[in-house]
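The values are calculated or read from the model by the stated rules, or taken from the named source; none is laboratory data. Computed from a predicted structure; not experimentally measured. Here the Cβ is made from the backbone with ideal geometry for all residues, glycine too, and neighbour counts use every protein chain on show. Only protein heavy atoms, including side chains, enter the accessible area calculation; ligands, DNA and RNA are left aside. Shrake-Rupley method; radii C 1.70, N 1.55, O 1.52, S 1.80 Å.
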Amino acid sequence: MAKLTSKQRNKLPKSDFALPGERKYPVNDKSHAANAKARAQQQYDKGNLSKAELGKIDAKANKKLK
């Protein structure tokens, strides 16, 4: 996965996050999009994400992965 420093992450526009309101799950490139899907599924399985949030993350990540 491409390295994303804190400084680079802070410079990303909200549109580069799968949950832009919280600036969580960056999907600025394919490797981060794939990682976002995996991490979101883990959080959903633990009960930390709703099905709607998981759906939003997957949809946003899938756009980048196509």
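Listing for the model above:
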| item | result |
| --- | --- |
| Calculated [θ] (222 nm, deg cm²/dmol) that DSSP helices of n ≥ 4 give over the chain, each run adding -39,500 (n - 2.57) | -18000 deg cm²/dmol |
| Virtual spin-label span in nm between Glu22 and Lys7, 7 Å along Cα→Cβ | 2.8 |
| Rounded tilt (10° steps) of 51-65 against the dominant C-alpha axis of the chain | 40 |
| Apportionment of accessible area to carbon and sulfur, the chain, percent (1.4 Å) | 50 |
| Heavy-atom accessible area per residue - the chain, 1.4 Å, Å² | 67 |
| Tilt relative to the chain, helix 30-46 - C-alpha long axis, 0 to 90 degrees, to 10 | 30 |
| Label of the coordinate-derived value, Rg and Dmax of the Cα atoms in Å, listed as [x] 13.8, 44; [y] 11.2, 31; [z] 11.7, 37 | [y] |
| Difference of contour (0.36 nm per residue) and Cα-Cα distance, Lys14 to Ala38 | 6.6 nm |
| Distant-in-sequence amide H partners of Phe17 (H built 1.01 Å from N, under 5 Å) | Val27 |
